[in-house]
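A short write-up of the structure that comes next.
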């Protein structure tokens, strides 16, 4: 009975393993590609760059973070439209946060960009004079 159970578990793993490997970067058809030069983070870096480039104001955020909520409320209070990426609900949110740290040196959220330039977090945003903030957004939208 024990060996039959072990055999069924082994067969189950053999059925699942190719599916897992097929979804892993660097694997195609369940076989690791030795000459695959593409980094698993290339897509994440591209996503970050495109998101920042296509939105005058971008907030990389986590939906439960009080500082993120304050930053978004601060922008909303100034009638500033922004694009928020909620990393806690994104499938690859951890990868995005790690790539943002590599890009900006900042690990914490919110991670705010205006006009493609890194502003910082909530403290940096809230310390900007309102006129300066609005001018930055106007220049980013032009």
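Bear in mind that the values in this text are calculations on the coordinates, not laboratory data. Keep in mind the model is a prediction, meaning the values are calculated, not measured. As a convention, Cβ positions derive from the backbone with ideal geometry for all residues, glycine included, and neighbour counts pool all protein chains shown.
Ranked by the mean number of other Cβ atoms within 10 Å of their residues, highest first, the peptides 102-112, 88-98 fall in the order 102-112, 88-98. Based on the Cβ-Cβ distance from residue 139 to residue 108, what FRET efficiency comes out when R0 is 35 Å, to the nearest 0.05? Once the sixth-power term is evaluated, E becomes 0.85. Approximating the spin labels as points 7 Å out from Cα along Cα→Cβ, the residue 54-to-residue 70 distance works out to 3.1 nm.
Across segment 42-141, C-alpha contacts under 8 Å between residues 6 or more apart give a mean separation that, scaled by the residue count, equals a relative contact order of 34 percent. Here the calculated FRET efficiency for residue 86 and residue 118, from their Cβ-Cβ distance with R0 = 22 Å, stands at 0.70, rounded to the nearest 0.05.
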